[in-house]
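To start, the structure under review is shown below, and the notes come after it.
Read-outs: derived from the displayed coordinates by stated rules, not from any lab. As the structure is a computational prediction, the values presented were derived from the model and not from experiment. Note: ideal-geometry Cβ built from the backbone for every residue, glycine included; neighbour counts use all protein chains shown.
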Number of protein chains: 2
Amino acid sequence: MTHGPIESADNFCMKNIQILAFDVFGTVVDWHGSIAAEVRQLYPSVDANAFARAWRAGYQPAMQRVRSGELGWTRIDDLHRMILDSILPQFGLDGLGESERQHLNLVWHRLNPWPDVVQGLSRLKQKFVICTLSNGNISLLTHMAKHGGLPWDCVLSAEVFHAYKPDPKTYLGVAQLFDVNPESVMLVAAHQDDLAAARDCGLHTAYIERVHEFGLDMPKDISACDDNTWHARDFMHLADQLGA
Amino acid sequence: MTHGPIESADNFCMKNIQILAFDVFGTVVDWHGSIAAEVRQLYPSVDANAFARAWRAGYQPAMQRVRSGELGWTRIDDLHRMILDSILPQFGLDGLGESERQHLNLVWHRLNPWPDVVQGLSRLKQKFVICTLSNGNISLLTHMAKHGGLPWDCVLSAEVFHAYKPDPKTYLGVAQLFDVNPESVMLVAAHQDDLAAARDCGLHTAYIERVHEFGLDMPKDISACDDNTWHARDFMHLADQLGA
């Protein structure tokens, strides 16, 4: 595990990066901790950690149904709701009414940022355009930004491109919207597969360690990958490295 | 000319409005003053007021070429450049090189907000989701927000909907993205035709007086239209009326 630039500091590369596009779930916000806390408060008898992880586990398979064409374009709010309805019985919550389900489903709009995020983004914003690049829909990301005080320059989403990451349309779409080359954009994410797909499109990449993304009791592998341009403990550490 | 709500205060209507979508050119930023000032500084021999107005005069005809299908989807940056190239000769600037033209064209990314805007938006943001709904492209609006310190919750553009205002896809698109009824959205604009088109889609509307949109020497008609939900001198006055 390294802390610091994977490559030696490269002024050319530093100068060329103009846009930082951030993955959101796990990278910017603590989905596990936020959901578990809300479930624990609302439904004390439920295993809140398991509930949060079960909900998230349905995420990739649900998007795959859209990617494969089995479902037409469906926003994440609606995919979250389908997954929620499917997991409620196994947690003894199949008696929840429609308004309770709607309220619980919107917990994804109320996720809390990791402690370094607001200050880190505020620093990075001084030097770069900072935007989201998330599979979350626009309204989810907008409400989350208001909830957490996230100072995005703009909110970009798979919903704008009608394609879910890791579709190249999403990564290249950011460069096209800003009328820059892909190497002027850097994806910032806590997931190596997302970063690898961005790199294949010519973007720079920065990995962020979020060891407790899946909960305190389930630390994840945060090994560095040499293919990333940067590797940082958190957003403050990334801002340090980028001179922001 | 009235100052205040056109309708008597209506709590039901007030409570239902969740999203304020702002027209940008003329409503949020002083395109005429900003462009004239930059042209005056760069090219002192040019009639800067006439230059700004000539550039803007090409705007609706250029978008009409997209609406009619004569041109495929073309972002405003590119339409601005086509208009710029066409007006340079009449101002004796046909000798401008490519890099000067590129720089000048991006003056639309550097437009300054009217004096009430940043404080007014900051107040309105406490109570509503505030977003752009402009024919300007995403990068233009994003750079402008950084330049002027505009605290948008999200940046929406005709570019997201691939349709230029007054196409109903744009007004209804905001409601659809936020999963609300059209009457939960209010368009805020300094142009009655934009507001009328939004109203036809079921949105609430607020008119903002920008008497000097076309320059100090060319005051425009700012008469109230009874069909608007609100009529305000500026964003502070709108915030006063909306209790924000």
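Residues with beta-carbon under 11 Å from that of residue B:219, excluding residue B:219: net charge, scoring Lys, Arg +1 and Asp, Glu -1?
On the way: positive: B:210, B:220; negative: B:209, B:213, B:217, B:221.
With Lys, Arg at +1 and Asp, Glu at -1, the net is -2.
Take peptide A:171-184, look around each residue's Cβ out to 10 angstrom, count Cβ atoms belonging to other protein chains, and average those counts.
On the way: counts 0, 0, 0, 1, 0, 2, 8, 5, 7, 1, 0, 0, 0, 0.
Other-chain Cβ atoms within 10 Å of each residue's Cβ, averaged: 2.
Can you give the average number of partner chain beta-carbon atoms within 10 Å of each beta-carbon in peptide A:152-161, as a whole number?
Values: counts 6, 8, 13, 8, 5, 3, 0, 2, 7, 1.
Taking the mean over all residues of the peptide, I get 5.
For chain B, what is the charge dipole size about the Cα centre, in debye to the nearest 20, if Lys and Arg each add +1 at the Cβ and Asp and Glu each add -1 at the Cβ?
For this selection, approximately 420 debye.
Please work out the ratio of the alpha-carbon Rg of chain B to 2.2 N^0.38 Å and round it to two decimals.
On the way: Rg = 17.9 Å, N = 244, 2.2 N^0.38 = 17.8 Å.
Expressed relative to 2.2 N^0.38 Å, the Cα Rg reads 1.01.
For chain B, modelled as a GNM with alpha-carbon contacts under 10 angstrom, which of B:169, B:127, B:146 fluctuates the most?
B:146
Could you name the residue in chain A with the C-beta closest to the rotation axis that superposes chain A on chain B, along with the separation in whole Å?
A:160, 3
Report, in deg cm²/dmol and to the nearest 500, the calculated mean residue ellipticity at 222 nm for chain A, where each DSSP H run with n ≥ 4 adds -39500 (n - 2.57) and the sum is divided by the residue count. Write out the running numbers ahead of the final one.
Numbers: 12 runs with 109 residues, N = 244.
Roughly -12500 deg cm²/dmol at 222 nm, from the helical runs in chain A.
With charges only on Cβ, +1 for K and R and -1 for D and E, what is the dipole size of the stretch B:31-109 about its Cα centre, in debye, rounded to 20? Can you show the working numbers first?
Details: 8 positive and 9 negative charges, 61 e Å.
Its charge dipole is roughly 300 debye.
Hey, got the dipole for the protein assembly as shown? About the Cα centre, +1 on K and R Cβ, -1 on D and E Cβ, debye to the nearest 20?
Details: 40 positive and 60 negative charges, 62 e Å.
Rounded to the nearest 20 debye, it is 300 debye.
If each label sits 7 angstrom from Cα along the C-beta direction, how far apart, in nm, is residue A:151 from its counterparts in the other copies?
Those separations, rounded to one decimal, come out as 1.1 nm.
Within a 10 angstrom radius of each residue's Cβ in B:141-149, how many Cβ atoms of other chains show up on average? Whole number is fine. Working shown, then result.
Details: counts 2, 11, 4, 0, 4, 7, 0, 0, 0.
Averaged over the peptide's residues, the number is 3.
With Cβ to Cβ distances under 14 Å as the rule, what net charge do the other residues near residue A:34 carry (K, R +1; D, E -1)? The partial results should precede the final answer.
On the way: positive: A:40, A:53, A:56, A:110, A:210; negative: A:30, A:38, A:213.
Taking every Cβ under 14 Å from that of residue A:34, the sum is +2.
What residues qualify as long-range amide H neighbours of residue B:27, i.e. H under 5 Å apart, gap of 5 or more or another chain, H built at 1.01 Å from N?
Long-range HN contacts for residue B:27: B:190.
What are the residues whose amide H is under 5 Å from the amide H of residue B:231, where those residues sit 5 or more places off or on another chain and H is modelled from the backbone?
Here the answer is B:4, B:6, B:207, since their amide H atoms fall under 5 Å of that of residue B:231.
Put a point 7 Å out from Cα along the line to Cβ at residue A:162; what are the distances to that point in the other copies, in nm, shortest first?
Residue A:162 label point versus its equivalents elsewhere: 0.5 nm.
Using the 7 Å Cα-to-Cβ label point, sort the distances from residue B:45 to its equivalents in the other copies shortest first and give them in nm to one decimal.
8.6
Roughly how many Å is it from the Cα centre of the stretch A:138-161 to that of the stretch B:168-244, as a whole number?
Each part reduced to its Cα centre gives a spacing of 24 Å.
Please turn the phi angles of the stretch A:150-161 into ³J(HN,Hα) values with the Karplus equation 6.51 cos²θ - 1.76 cosθ + 1.60 (θ = phi - 60°), one per residue in order, whole Hz, x for glycine and proline.
Once θ is set to phi - 60°, the couplings for the stretch A:150-161 become 7, x, 4, 6, 7, 9, 10, 8, 3, 4, 5, 9 Hz.
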